[in-house]
Amino acid sequence: MQFPEGFLWGTATASYQIEGAVNEGGRGTSIWDTFSHTPGKVYRGDTGDIACDHYHRPEEDLDLMADLGLKAYRFSVAWPRIQPDGSGPPNQEGLDFYRRLVDGLRQRDIVPMLTLYHWDLPQALEDRGGWTNRDTSERFAEYTGFVYEALADTVPFWITLNEPWVASWLGHGYGLHAPGKQDAASALAATHHLLLGHGLALERMRSVGNPGDNQLGVTLNLHPALAARDRDADEEAARRVDGQANRLYLDPLFRGEYPEDIVSYYGGRGVDGPPVRDGDLEKISGPVDFLGINYYFRHHVRDAPDETPSQIPFSDLAVRPIVPHAGEKTAMGWPVEPDGLSEMLVRLKDEYTDAPIYVTENGRAVHDYADPNGDVKDEERISYLDSHFRAVHGAMEQGVDLRGYMVWSFLDNFEWAEGYSKRFGLVYVDYATQKRTPKSSARWYAGVIRRNGPDG
Ligand code: FCB
């Protein structure tokens with residue numbers, strides 16, 4: 001099975017999940033430092049203080065990437081390394097760290113793909129309302145300008161936001177992620193200000209100029225939503241979930257409007273909608289050069305009229321997500337559903353955009369362990385990735401313009417509220433010694449990259 005020439009096979013990580021060194025290099029505090037240090041928020045009280053210690057071992061990690069033959073590497077910049085207090089002039093030490101990383105990638109012929117916001121907002125901005133405050137969108141554009149001026153000459157792919165749904169709803173609606181708010185109006189305000197930040201950041205980057213024909217885009221986590229039972233009420237529940245999880249982001253970005261059904265659903269319950277001002281939607285829907293999609297699973301949902309808003313996602317939509325009994329689940333408890341990815345890719349082409357698409361994350365957690373010989377044999381991850389690669393190949397045969405695929409993740413890392421208990425890496429990390437061991441899947445993936453497609 002061959003992929004097109006030049007297909008960008010890579011892996012992805014995020015700053016807070018791997019870097020550690022939270023008090024070094026002039027870095028300020030982020031909302032994830034605060035959240036992870038708040039008792040009860042993260043499994044076992046884990047924090048990103050040390051994580052994979054990547055900040056101290058970029059060379060070792062770059063060499064590993066080169067061993068795997070990666071064509072691309074997606075990473076994120078920690079905003080508090082660049083602006084420790086969220087505003088004001090950039091911290092040169094922070095910019096230098098990422099310059100060294102990018103130079104190291106270039107020396108190894110690995111294409112850098114940079115994410116500007118993967119959830120580590122400077123705490124100083126949170127203290128002024130964070131993403132519920134419109135000023136944060138402006139601050140984000142200012143920060144973007146500093147990073148772009150420093151690295152635009154050598155980074156060809158720029159992603160403004162990673163998964164605004166997660167930042168908005170897990171962070172502000174359901175309280176499972178930093179900053180831990182539980183209020184739908186805050187989630188809708190955060191949604192709007194994140195998207196506005198994206199629009200302003202695009203404008204800012206384009207105003208700096210485009211040294212190397214750089215590609216600017218945004219990454220959404222998209223999940224097809226399905227009725228769990230053959231009932232009209234479940235179909236409607238699935239429509240509400242599709243509205244909040246997918247259309248609330250796709251519609252403003254590609255059509256310049258918020259989905260009416262979702263805005264009126266919340267409005268009917270006394271919840272303020274996105275705080276839109278004149279001209280915002282034009283900025284938000286400015287053209288992107290590509291769309292990044294992170295795909296993990298489908299939402300299977302039931303109508304649940306008695307549900308009251310809680311920490312359970314979609315509870316405020318009177319919906320109960322379920323995991324189907326049949327079929328394989330990952331160590332996260334997520335169902336393995338490769339067809340959901342091809343479905344979503346075809347839908348994007350049919351309903352939203354002709355822009356090139358990159359899978360900017362896909363992968364699975366496995367209960368990995370090093371065996372007595374020190375090997376980590378993750379056959380489950382290999383079959384998961386193989387089935388998803390085949391699914392996207394099918395979507396490409398239906399005309400989807402998919403240009404690349406970043407496996408989540410390069411290394412095992414700090415999995416947000418799950419701490420270090422969930423391992424997503426192609427490379428195993430022994431956190432006590434920081435020893436890296438490529439798993440069976442890493443060797444297998446290197447072969448996929450060499451052959452430009454899975455075998456057979
Ligand atoms: C995504 C995140 C990424 C990682 C994976 C498992 O939602 O973007 O950081 O945690 O899930």
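Read-outs: derived from the displayed coordinates by stated rules, not from any lab. This one's a predicted model, so the numbers in the text were calculated from it and none came from an experiment. Please note: Cβ atoms are built from the backbone with ideal geometry, for glycine as well, and neighbour counts cover all protein chains shown.
Near the amide H of residue 319, within less than 5 Å, lie the amide hydrogens of 304, all on another chain or at least 5 residues away, with H placed in the peptide plane.
Does segment 8-451 classify as rounded, prolate or oblate by the C-alpha gyration tensor (a ≥ b ≥ c root eigenvalues; a/c under 1.5 gives rounded; else a/b over b/c gives prolate, otherwise oblate)? Because its axes are fairly even, with a/c under 1.5, segment 8-451 counts as rounded.
Taking 41 Å as R0, compute the FRET efficiency from the Cβ-Cβ separation of residue 375 and residue 153 and round it to 0.05.
The calculated FRET efficiency here is 0.50.
Among the GluC sites (Glu not before Pro) found in segment 1-90, those both in a DSSP coil and sparsely packed, with 15 or fewer other Cβ atoms within 10 Å of their Cβ, are 5, 24. Starting with the fewest neighbours, write out 280, 135 ranked by other beta-carbon atoms found within 10 Å of each beta-carbon. The fewest-first ordering by Cβ neighbours comes to 135, 280.
3J(HN,Hα) along segment 90-98: x, 8, 4, 4, x, 4, 5, 4, 6 Hz, from the Karplus curve 6.51 cos²θ - 1.76 cosθ + 1.60 with θ = phi - 60°, whole Hz, x for Gly and Pro.
With the charge dipole of the chain set up from +1 on Lys and Arg Cβ and -1 on Asp and Glu Cβ about the Cα centre, the Cα lying farthest toward the positive end among the listed residues 197, 374, 440 is that of 374. Each of 241, 208 was scored by other Cβ atoms within 10 Å of its Cβ. Arranged with the fewest first, they read 208, 241.
Placing unit charges on C-beta atoms (Lys and Arg positive, Asp and Glu negative, everything else neutral), compute the dipole magnitude of segment 8-451 about its Cα centre in debye, rounded to 20.
Values: 45 positive and 68 negative charges, 107 e Å.
Dipole of segment 8-451, to the nearest 20 debye: 520 debye.
Once backbone amide H atoms are built at 1.01 Å from N, residue 363 has 408 as its partners under 5 Å, excluding neighbours fewer than 5 places away on the same chain. Stokes-Einstein diffusion of segment 274-425 at 25 °C, 0.890 mPa s viscosity, Kirkwood radius from Cα pairs, rounded to a whole number: 136 µm²/s. Relative contact order, whole percent, for segment 8-451 stands at 17, derived from Cα pairs under 8 Å and 6 or more residues apart.
With 20 Å as the limit on Cα-Cα distance, the pairs of 181/283; 329/349; 181/329; 41/181 that go past it are 181/283; 329/349; 181/329. Among the trypsin sites (Lys or Arg not before Pro) within segment 102-131, those in coil by DSSP and having at most 16 neighbouring Cβ atoms inside 10 Å are 108, 128. When 262, 382 are sorted by how many other C-beta atoms sit within 10 angstrom of their C-beta, beginning with the fewest, the order is 382, 262.
For a test of the definition: using alpha carbon positions, the gyration tensor, and the 1.5 limit on a/c, classify segment 189-228 as rounded, prolate or oblate. Here segment 189-228 falls in the oblate category.
Residue by residue, segment 398-414 carries 3J(HN,Hα) couplings of 8, x, 6, 8, 8, 10, x, 8, 9, 6, 8, 9, 4, 10, 4, 7, 6 Hz when phi is fed to the Karplus relation 6.51 cos²θ - 1.76 cosθ + 1.60 (θ = phi - 60°); x denotes Gly or Pro. Distance between the C-alpha centres of segment 248-263 and segment 349-395: 29 Å, rounded to the whole angstrom.
Averaging sequence separations of C-alpha pairs under 8 Å and six or more residues apart, then dividing by the length of segment 119-183, give the relative contact order as a whole percent.
Numbers: 35 pairs, mean separation 11.6, N = 65.
Reported as a whole number, the value is 18 percent.
Sequence-ordered 3J(HN,Hα) estimates for segment 231-241 from the Karplus curve with 6.51, -1.76 and 1.60 and θ = phi - 60° stand at 9, 4, 4, 6, 4, 5, 4, 5, 5, 5, 5 Hz, glycine and proline given as x. Between amide H atoms placed 1.01 Å from N, distances below 5 Å from residue 423 occur with 366, 368, all of them 5 or more places distant or on a separate chain.
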